[in-house]
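Step one of this worksheet: look at the structure below.
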Amino acid sequence: MIKKGSYVTIRKVVLNKNERSTNLPEDTKKVDLVMKIKGVTLEDARLNETVEIMTTTKRIVQGELVELNPSYVHSFGRHIEEIEKIKSVILKETEAL
Amino acid sequence: MTEFEKVMASRHQIIKDSLKLDYHDFELEGIAFDYEKLMNDSGYSFAEIKKIQLENNVGNTPLIELKKITKYARQFAKPGFGARIFLKDEALNLSGSFKARRAAISVYHAKKMGYKGVVAATSGNYGAAVAAMAARLGLKCIIVQEVFDSKEKNQPEIIEKSRLCEAFGAEVIQLSVGPELFYEFLRILDETKYFNASLYSPYGIKGIETLGYEIADEMMQKEGKYPEVVIATNAGGGNLTGTARGLLEHGAKNTKVVAASVDLTGLHMASDHDFNLKSFTTGHTGFGIPFATYPDRSDVPRSAARPLRYMDEYVLVNQGSVFFITEALALLEGMERGPAGNTSLAAAFSYAQQLPEDFIVVVQESEYTGAGKHYQSQMTFAKEQGVRLMMGNPQEEIPGKTLVFPTSGKLVKHRTLDLMGLKKSYLKRYKDHHFSSVEYNYLMEELRLTLSEIDALMEEINEDEKR
């Protein structure tokens, strides 16, 4: 059980695929337009249940609870061999400058 | 009527309420409107804009000569050629990009007009710029972004932008791929009654005029002349429009204004599948070309960003070349900056080689870098999406399939777009229209063409139709 007052992400379908704009590429037409938003739960709830949250601007939004304590996990990426190659090209070509 | 149709039907009223600007005041007749009136009625003088920006740690960024990059480029130019390359280090603005110039005026105006908060639809640096300014002025802030595809795979660069908005206390609404982001944006404006901090309002564009003005002013003081060329990374057209207007304001009438975009030909901007195959989320042809040929596709009835009024040339570079130049900027100049801002630097590296060595080319922006926004994270992400990374000739890069990094600086080459072709695309939407003299005058300013050139293009369009 995720307690009331927890920091979470909810997910909500903004437009079902059949409600979407007509002027879309075929692949986009086949999927729903989905929204994710963070906030604090206003009631106890389980993962994947519908829950109400209060957002940063104090709006109340309802959606499916998909994540507890959402975190930033984006990074600088892994080692990329091509970056080393680019570096050696630049350093070699500018050696004499 | 569905909820979607209802909101879209009331869009003009929502936009009017959220800007307190009635765009009907600027309409002339038919397709024509009074652009200068739109810009002049914003109620802010150049001096006031400068003052608001300086009070908020925006503007007066350093203009740095990239001496080693220049020398590097000269190796590939014929003797006596290879213009001096300068960089306006806009990454040093509040929130890390030139977008702070736009946000400073938009958010200031929102506060002045008594709004409690601001909303902006942007997946780019503008979000953090609005959020930072809203934080300073004590306004609430909501940023609406396009972040993930239907598999809920996030684009790392946009996640970083979400993070920065949240760091400044903004609420971020993250959406999956699709132009109906505009619907959610309108819905939020209607619900909150906040100000529409549009990138395309006159406030959003007037804020950039200081950038062009500063370049002209500093060059005149230091070098005793205006730069021969200013290159601007082009997406929605506001950066180029505002910069060019600022240059003109100072008197730099002969400075050539060049637009540069990353070539993403073949990738559809509204495609769920293509969304995560891009290594650049802005500054690319997917925005640059449609916004140049139809500026009013934006989130206001009449966009204040009208790049074809100011563009002397439009050049493209590919993704691999921009990553290469981003690395060169770090290795040779000790400046680690975000890849998107370096699009115009990659173009300048090649462009300068065709100009005499006493000419000056100014790259008018840089942006901050960090996790997600770093070329290493973008390359890692591209690999995960099945894009092949290789060394070779970047001209052979296929957007969405390969990233090709040059095996020598001499392979960093720009490609010039046919500007007349873009103007023809602009006119295509009016193919069955008979222009009045007011409309002709409008088009002559909008496209910088003579009446007979417009007629010739219209004739070509009608001929093409028949075929």
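The values are calculated or read from the model by the stated rules, or taken from the named source; none is laboratory data. Not measured: the values here are computed from a predicted model. Reconstructed Cβ throughout: ideal geometry from the backbone, glycine too, with neighbour counts over all protein chains shown.
Pairing each residue of segment A:10-27 that is facing another protein chain (nearest Cβ under 9 Å) with any residue that is exposed (fewer than 14 other Cβ atoms within 10 Å of the Cβ) and not in a loop (DSSP other than H, G, I, E, B), provided the two are 6+ apart or on different chains, yields no C-beta distance under 7 Å. Sub-7 Å Cβ pairs linking a first residue in segment B:166-185 that is in contact (Cβ under 8 Å) with a residue 12 or more places away in the chain and among the polar types (S, T, N, Q) to a second residue that is assigned to a helix (DSSP H, G or I) and crowded, with 24+ Cβ neighbours inside 10 Å, at least 6 apart or interchain, are B:GLN174/B:SER162, ordered by first then second residue. Looking at B:ALA83, B:ALA103, B:ALA77, B:ALA73, which one is surrounded by fewer than 24 Cβ atoms within 10 Å (Cβ to Cβ) and at pLDDT 95 or above? Residue meeting the stated conditions: B:ALA77. The C-beta contact set for segment B:277-292 (first residue more than 14 Å from B:GLY124 (Cα to Cα) and modelled with pLDDT of 95 or more, second residue of a type in the set (Ser, Thr, Tyr) and part of a loop (DSSP other than H, G, I, E, B), distance under 7 angstrom, 6+ apart or interchain) comprises B:THR285/B:THR265. When you scan segment B:404-414, do you find a residue that is surrounded by fewer than 14 Cβ atoms within 10 Å (Cβ to Cβ), over 23 Å from the mean Cα position of the chain (by Cα) and farther than 18 Å from B:ALA348 by Cα, even just one? No.
Between A:LYS85, A:LYS3, A:LYS36, the distinction of being basic (Lys, Arg), loosely packed, with under 14 Cβ neighbours inside 10 Å and out of contact with any helix residue (DSSP H, G or I) (no Cβ under 7 Å at 6 or more places or on another chain) belongs to A:LYS3 only. Are any of the residues in segment B:117-125 surrounded by fewer than 22 Cβ atoms within 10 Å (Cβ to Cβ) and either more than 13 Å from every other protein chain (Cβ to nearest Cβ) or β-branched (Val, Ile, Thr) (or both)? Yes, that holds for at least one residue. When B:GLU249 is tested against (1) touching a residue at least 60 places away in the same chain (Cβ under 8 Å); (2) at negative phi; (3) not assigned by TED's automatic domain parsing to the domain that holds B:PRO62, just one condition goes unmet, and that condition is (3).
Results for (1) within 26 Å of B:ARG429 (Cβ to Cβ); (2) of a type in the set (A, V, I, L, M), shown as yes or no for each residue.
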| position | (1), (2) |
| --- | --- |
| B:ASN239 | yes, no |
| B:THR255 | no, no |
| B:MET269 | yes, yes |
| B:PHE287 | yes, no |
| B:MET311 | yes, yes |
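Here B:HIS433 meets the list (1) surrounded by fewer than 15 Cβ atoms within 10 Å (Cβ to Cβ); (2) under 27 Å from B:LYS37 (Cα atoms); (3) modelled with pLDDT of 95 or more; (4) in contact with an Asp or Glu (Cβ under 9 Å, 6 or more places away or on another chain) almost entirely, failing just condition (3).
Going through segment B:160-184 one residue at a time, which ones are within 22 Å of the chain's Cα centre (by Cα), surrounded by fewer than 21 Cβ atoms within 10 Å (Cβ to Cβ) and outside any loop (DSSP other than H, G, I, E, B)? Those that are within 22 Å of the chain's Cα centre (by Cα), surrounded by fewer than 21 Cβ atoms within 10 Å (Cβ to Cβ) and outside any loop (DSSP other than H, G, I, E, B): B:ARG163, B:PHE182. Taking the criterion of being surrounded by fewer than 23 Cβ atoms within 10 Å (Cβ to Cβ), within 22 Å of the chain's Cα centre (by Cα), closer than 28 Å to B:ASP274 by Cβ and of a type in the set (Ser, Thr, Tyr), would at least one residue in segment B:146-153 satisfy it? So far as segment B:146-153 goes, no, none of its residues is surrounded by fewer than 23 Cβ atoms within 10 Å (Cβ to Cβ), within 22 Å of the chain's Cα centre (by Cα), closer than 28 Å to B:ASP274 by Cβ and of a type in the set (Ser, Thr, Tyr).
Looking only at residues that are of a type outside the set (D, E, K, R) and surrounded by fewer than 19 Cβ atoms within 10 Å (Cβ to Cβ) in segment B:221-249, which one is farthest from B:ARG102 (Cα to Cα)? Looking at the filtered set, the residue picked out is B:GLY224.
Of the helices (runs of 4 or more DSSP H) entirely within segment B:3-96, those holding at least 1 residues that are within 30 Å of B:PRO356 (Cβ to Cβ) and hydroxyl-bearing (Ser, Thr, Tyr) occupy B:67-74. Every condition in (1) part of a helix (DSSP H, G or I); (2) free of Cβ contacts under 8 Å to residues at least 60 places away in the same chain holds for B:CYS141 except the one numbered (1). Within segment B:31-82, the residues that satisfy the criterion of being more than 14 Å from chain A (Cβ to nearest Cβ) and of a type in the set (S, T, N, Q) are B:ASN40, B:SER42, B:SER45, B:GLN53, B:ASN56, B:ASN57, B:ASN60, B:THR61. Could you tell me which of the residues B:SER162, B:SER198 is under 25 Å from B:PHE287 (Cβ atoms), at pLDDT below 95 and touching a helix residue (DSSP H, G or I) at 6+ places or on another chain (Cβ under 9 Å)? Exactly one of B:SER162, B:SER198 is under 25 Å from B:PHE287 (Cβ atoms), at pLDDT below 95 and touching a helix residue (DSSP H, G or I) at 6+ places or on another chain (Cβ under 9 Å), namely B:SER198.
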